[in-house]
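Let me begin by presenting the structure, written as structure tokens, before commenting on it.
The values are calculated or read from the model by the stated rules, or taken from the named source; none is laboratory data. Keep in mind the model is a prediction, meaning the values are calculated, not measured. Neighbour counts run over all protein chains shown; Cβ positions are idealised from the backbone, glycine included. Surface accessibility is based on the protein's heavy atoms, side chains included, excluding ligands, DNA and RNA. Shrake-Rupley method; radii C 1.70, N 1.55, O 1.52, S 1.80 Å.
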Amino acid sequence: MLMRTPRECGSWFWDLDDVVEPGLESALRTAGRMGAVLQKHALLEPDTLEWNWFQVGKGGLGIHSRLDLVRRSLDDPALPDDLRACRPIGHPQAEMGGILVLGSGAWFDASGTRHKEYRLVELMVSPDEIGPSAELSVYHDVWGLCDFRGEPHPAIHAGNAPRLASALQELDQVLGVEAEPGEPTYYGRAEGHGLKAPEYIDGRGPDLTDAVFG
């Protein structure tokens, strides 16, 4: 069982303002294209969509929706209307926030054994009518040179990080935009198509387990 950080240890952001149309249909098409790349690299098998609702002038409404795909693809033409149908009846002016695409992915341990992990990576696309974008986030230590206790784990890194790097490079090509590294957190930061190398002291990276883990 992998430890999962409460905040991402790396994220990548794509500003799609000049390359795709805004709106829900476009956001789902983007999710479908990205999901196909992530699925190809065994990083994400989409099975659920989650999002919150907000209202202009009021902000977040504290209402969240979840839609199980149930063997449906992200490019199902009926999907946008199904998402809109989840609008809370008491808030007819409510609009959808970022759509989180959830599912399971595969990671490899030091012996090369494959494991399945829910929310191994998280994909979010924006259905906003202004400023379409996408973001990919990771929360586990299999992508870094050390585990969260600071112990180097080169075999685990070699079995997982190159797959993530290849997927990110392919996403840049598919989207026509180069990813920007997301904001750093206590648990790490993105650099290029991977995670920034830790600072070593006596052959070890930082021990991050003093923070609360999920």
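Could you say whether any residue in the stretch 138-156 is under 12 Å from the mean Cα position of the chain (by Cα), surrounded by 18 or more Cβ atoms within 10 Å (Cβ to Cβ) and in a strand (DSSP E or B)?
The answer is yes; a qualifying residue exists.
At pLDDT 95 or above, over 18 Å from the mean Cα position of the chain (by Cα), of a type in the set (K, R) and at negative phi, is that true of R114? Please lay out each step first, then the result.
Numbers: at pLDDT 95 or above: yes; over 18 Å from the mean Cα position of the chain (by Cα): yes; of a type in the set (K, R): yes; at negative phi: yes.
Answer is yes for this residue.
Mind checking whether some residue in the stretch 193-214 is touching a helix residue (DSSP H, G or I) at 6+ places or on another chain (Cβ under 6 Å), open to solvent by less than 30 Å² (accessible area, probe 1.4 Å), assigned to a loop (DSSP other than H, G, I, E, B) and not charged (D, E, K, R)?
Initially, the stretch 193-214 is screened for residues touching a helix residue (DSSP H, G or I) at 6+ places or on another chain (Cβ under 6 Å), giving 193-195.
Narrowing further to those that are open to solvent by less than 30 Å² (accessible area, probe 1.4 Å): 194.
Add one more test, that the residue is assigned to a loop (DSSP other than H, G, I, E, B), and what stays is none.
No.
Please state which of the following conditions D82 fails to meet, knowing it meets all the rest: (1) open to solvent by 60 Å² or more (accessible area, probe 1.4 Å); (2) part of a helix (DSSP H, G or I).
Result: D82 passes all but (1).
Please state which one of L175, L208 is in contact with a Phe, Trp or Tyr (Cβ under 9 Å, 6 or more places away or on another chain) and at pLDDT 95 or above.
Values: L208 fails: at pLDDT 95 or above.
Sole residue among the options that is in contact with a Phe, Trp or Tyr (Cβ under 9 Å, 6 or more places away or on another chain) and at pLDDT 95 or above: L175.
Can you report the number of residues in the stretch 35-68 which are open to solvent by less than 30 Å² (accessible area, probe 1.4 Å), of a type in the set (V, I, T) and not in a helix (DSSP H, G or I)?
Adding up the residues that qualify gives 1.
Just for the stretch 10-23: of the residues that are open to solvent by less than 10 Å² (accessible area, probe 1.4 Å) and modelled with pLDDT of 95 or more, which one is farthest from D141 (Cα to Cα)?
Let us first name the residues in the stretch 10-23 that are open to solvent by less than 10 Å² (accessible area, probe 1.4 Å), namely 10-12, 14, 16, 23.
Now drop any that are not modelled with pLDDT of 95 or more, which leaves 10-12, 14, 16.
Details: G10: 10, S11: 13, W12: 16, W14: 23, L16: 29 Å.
Per the criteria, the residue is L16.
Are any of the residues in the stretch 159-168 in contact with an Asp or Glu (Cβ under 9 Å, 6 or more places away or on another chain) and either among the aliphatic types (A, V, I, L, M) or in contact (Cβ under 8 Å) with a residue 12 or more places away in the chain (or both)?
Within the stretch 159-168 (the criterion being in contact with an Asp or Glu (Cβ under 9 Å, 6 or more places away or on another chain) and either among the aliphatic types (A, V, I, L, M) or in contact (Cβ under 8 Å) with a residue 12 or more places away in the chain (or both)), the answer is yes, since at least one residue qualifies.
Tell me which residues, restricted to the stretch 4-29, are among the hydroxyl-bearing types (S, T, Y) and assigned to a loop (DSSP other than H, G, I, E, B). Give the derivation first.
Taking the stretch 4-29 first, the residues among the hydroxyl-bearing types (S, T, Y) are 5, 11, 26.
Passing the criteria: only T5.
For the stretch 174-186, check the following and say yes or no: at least one residue is of a type in the set (S, T, Y), in contact with a Leu (Cβ under 9 Å, 6 or more places away or on another chain), open to solvent by less than 50 Å² (accessible area, probe 1.4 Å) and touching a residue at least 24 places away in the same chain (Cβ under 8 Å). Full working, then the answer.
Initially, the stretch 174-186 is screened for residues of a type in the set (S, T, Y), giving 185-186.
Within this subset, residues satisfying the condition of being in contact with a Leu (Cβ under 9 Å, 6 or more places away or on another chain) are 186.
From what is left, the residues that are open to solvent by less than 50 Å² (accessible area, probe 1.4 Å) are none.
Within the stretch 174-186 (the criterion being of a type in the set (S, T, Y), in contact with a Leu (Cβ under 9 Å, 6 or more places away or on another chain), open to solvent by less than 50 Å² (accessible area, probe 1.4 Å) and touching a residue at least 24 places away in the same chain (Cβ under 8 Å)), the answer is no, since none of the residues qualifies.
For the stretch 157-173, which positions are among the hydrophobic types (A, V, I, L, M, F, W, C), open to solvent by 20 Å² or more (accessible area, probe 1.4 Å) and under 16 Å from the mean Cα position of the chain (by Cα)? Lay out the reasoning, then the answer.
Keep residues of the stretch 157-173 that are among the hydrophobic types (A, V, I, L, M, F, W, C), which gives 158, 161, 164-165, 167-168, 171.
Subset that is open to solvent by 20 Å² or more (accessible area, probe 1.4 Å): 158, 165.
Once the filter is applied, which keeps residues that are among the hydrophobic types (A, V, I, L, M, F, W, C), open to solvent by 20 Å² or more (accessible area, probe 1.4 Å) and under 16 Å from the mean Cα position of the chain (by Cα), the stretch 157-173 yields only A165.
Do we have any residue at all in the stretch 87-99 that's over 27 Å from D141 (Cα atoms), in a strand (DSSP E or B) and hydrophobic (A, V, I, L, M, F, W, C)? If you could, list the steps in order and put the result at the bottom.
Kept after step one, since they are over 27 Å from D141 (Cα atoms), are these residues of the stretch 87-99: 87-97.
Narrowing further to those that are in a strand (DSSP E or B): 95-96.
Retained after the next criterion (residues that are hydrophobic (A, V, I, L, M, F, W, C)): 96.
Scanning the stretch 87-99 turns up at least one residue that is over 27 Å from D141 (Cα atoms), in a strand (DSSP E or B) and hydrophobic (A, V, I, L, M, F, W, C).
How many of the residues in the stretch 108-133 are in contact with an Asp or Glu (Cβ under 9 Å, 6 or more places away or on another chain), open to solvent by less than 30 Å² (accessible area, probe 1.4 Å) and not in a loop (DSSP other than H, G, I, E, B)?
Total meeting the criteria: 4.
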